[in-house]
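All remarks here apply to the structure that follows.
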Amino acid sequence: MSQTPPACKNPSLFERLQTYVVSTPANAECLDRAPFGVPIDHIVDPLRVEAGAFLDRLQRLDVVTFGPEGLPMDKWVAFDCAQLPGFTYGFCLPAAALEPRERAAFQLADDAEGIVPVSTYIAIPMFEDGTWFGHNLASLNRAFPWRGLHHLASITKAMALRAFGCTRFIGATQWLSSALHIHTRFGPLCLDTAYTPAHTKPETLTYSFAVTEDSLRAAMGDPAVKLERPAADLELDAEDIAGMKALQRDIEAGTAYMLVDRPRTVQGRIVHPIARIG
Ligand SMILES: CC(C)(COP(=O)(O)OP(=O)(O)OC[C@H]1O[C@@H](n2cnc3c(N)ncnc32)[C@H](O)[C@@H]1OP(=O)(O)O)[C@@H](O)C(=O)NCCC(=O)NCCS
């Protein structure tokens, strides 16, 4: 990519990597093809046979980033729930640019061609106009530390939300997930649930925020943007199920709460700062 990258924590990502979107031709009509002025280099159409190899590599990215304990998404789930209804955005490299240890991680032959994803962000449109549900985020920053990909997940999510035209965002994640360091970069998050039996893991929070120019730029690490964050009224231990249930009872009774910032570690425990809004 040769254009001026958006102000961010790791501008070299835009020099060294390419970008892709997985989208049907019909959905691609609604896509911003140059989010923050950065053109999308590859559009992968899941309805075409030639997409198969790249989509297999996306599934492999799941394994490489989530690790052996992770649960790679079945291809039919990705097709039904992500590729047909929504978009997948990320950064990628030509297969030929991968080092042997990186090719091995992706189980690629030495002469493999095409592109290989180094990050991915999947979101699915919701019924409300402009509202998207965040389905998956992955980055090779930690798996390939020699590549200098720091801040890749945060930048990928921000670029994706701009490309998708998202104005309100809803996500669900676990209180123990390190991805909350990334999600809270977009600003304070409204808590829609704090304890969620509908999910496989009830210790899940559902959160939402208004997607603004500032929220996206702050998440990318633009030093000129400073987001307002309310002061915390309480801290929730990430393993305190009774605390989650108490918050959930209050939310259902009409009290509004916000997760105001990233988690911190206190005496080996992860705690989250929470504000009571009304
Ligand atoms: C989690 C993941 C997306 C992070 O990707 P990444 O490119 O390293 O993320 P970023 O660099 O944008 O931001 C990570 C931030 O979280 C911080 N962080 C992450 N885990 C942390 C932890 N356990 N403790 C403290 N800080 C942590 C990092 O220090 C960094 O903040 P900093 O830049 O201020 O140092 C990546 O490791 C991954 O794909 N993991 C497996 C899949 C996953 O868990 N996805 C999220 C749920 S869908």
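The values are calculated or read from the model by the stated rules, or taken from the named source; none is laboratory data. Because the structure is a prediction, the values reported are computed rather than measured. No Cβ is skipped: glycine too gets one built from the backbone with ideal geometry, and neighbour counts run over all protein chains shown. Surface accessibility is based on the protein's heavy atoms, side chains included, excluding ligands, DNA and RNA. Shrake-Rupley method; radii C 1.70, N 1.55, O 1.52, S 1.80 Å.
Within the range 243-257, residues that are assigned by TED's automatic domain parsing to the domain that holds L176 reach partners that are assigned to a loop (DSSP other than H, G, I, E, B) with beta carbons closer than 6 Å, at six or more positions or on different chains, in the pairs M244/A194; M244/Y195; K245/Y195; L247/A194; Q248/A194; Q248/Y195; A256/I277; A256/G278. Can you confirm whether the range 78-86 contains a residue that is free of Cβ contacts under 8 Å to residues at least 12 places away in the same chain, assigned by TED's automatic domain parsing to the domain that holds S139 and under 30 Å from T4 (Cα atoms)? No, the range 78-86 has no match at all.
The number of residues in the range 225-236 being surrounded by 15 or more Cβ atoms within 10 Å (Cβ to Cβ) and free of Cβ contacts under 8 Å to residues at least 24 places away in the same chain comes to 1. Taken together, the residues in the range 87-98 that are surrounded by fewer than 18 Cβ atoms within 10 Å (Cβ to Cβ) and either on the phi > 0 side of the Ramachandran plot or touching a residue at least 24 places away in the same chain (Cβ under 8 Å) (or both) amount to 2.
What number of residues in the range 265-278 are surrounded by 12 or more Cβ atoms within 10 Å (Cβ to Cβ) and either outside the structural domain of D192 (by TED's automatic domain parsing) or not aliphatic (A, V, I, L, M) (or both)?
So the count comes out to 4.
The set of residues from the range 100-127 being touching a Phe, Trp or Tyr at 6+ places or on another chain (Cβ under 6 Å) and open to solvent by 60 Å² or more (accessible area, probe 1.4 Å) comprises just one member, M126. Looking only at residues of the range 107-117 that are of a type outside the set (A, V, I, L, M) and farther than 28 Å from A172 by Cα, we find that the one that is farthest from the ligand (Cβ to nearest atom) is D111. Residues of the range 118-165 that are outside any strand (DSSP E or B), among the small types (G, A, S) and either within 9 Å of the chain's Cα centre (by Cα) or away from the ligand (no atom under 14 Å from the Cβ) (or both): G130, A153, S154, A158, A160, A163, G165.
Within the range 148-164, residues that are among the basic types (K, R) reach partners that are modelled with pLDDT of 95 or more with beta carbons closer than 7 Å, at six or more positions or on different chains, in the pairs K157/Y121; K157/L137; K157/I182; K157/A219; R162/D32; R162/P35; R162/F36; R162/L216. Within the range 179-194, one or more residues are within 15 Å of the ligand (Cβ to nearest atom) and hydroxyl-bearing (S, T, Y). Check the range 237-254 and report whether any residue there is within 16 Å of the ligand (Cβ to nearest atom), open to solvent by less than 80 Å² (accessible area, probe 1.4 Å) and under 19 Å from the mean Cα position of the chain (by Cα). No. Tell me the residue from P39, P35 that is open to solvent by less than 30 Å² (accessible area, probe 1.4 Å) and under 17 Å from R162 (Cα atoms), please. Answer to the check: P35.
A quick yes/no check of all residues on (1) part of a strand (DSSP E or B); (2) on the phi < 0 side of the Ramachandran plot; (3) among the hydrophobic types (A, V, I, L, M, F, W, C):
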| residue | (1), (2), (3) |
| --- | --- |
| N27 | no, yes, no |
| D32 | no, yes, no |
| I43 | yes, yes, yes |
| P46 | no, yes, no |
| A53 | no, yes, yes |
| D80 | no, yes, no |
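Would you call T184 outside the structural domain of T19 (by TED's automatic domain parsing), open to solvent by less than 10 Å² (accessible area, probe 1.4 Å) and modelled with pLDDT of 95 or more? Spelling it out, T184 is indeed outside the structural domain of T19 (by TED's automatic domain parsing), open to solvent by less than 10 Å² (accessible area, probe 1.4 Å) and modelled with pLDDT of 95 or more.
Residues in the range 188-207: is at least one out of contact with any Pro (no Cβ under 6 Å at 6 or more places or on another chain), small (G, A, S) and either within 19 Å of G134 (Cα to Cα) or surrounded by 19 or more Cβ atoms within 10 Å (Cβ to Cβ) (or both)? Yes, the range 188-207 contains at least one residue that is out of contact with any Pro (no Cβ under 6 Å at 6 or more places or on another chain), small (G, A, S) and either within 19 Å of G134 (Cα to Cα) or surrounded by 19 or more Cβ atoms within 10 Å (Cβ to Cβ) (or both).
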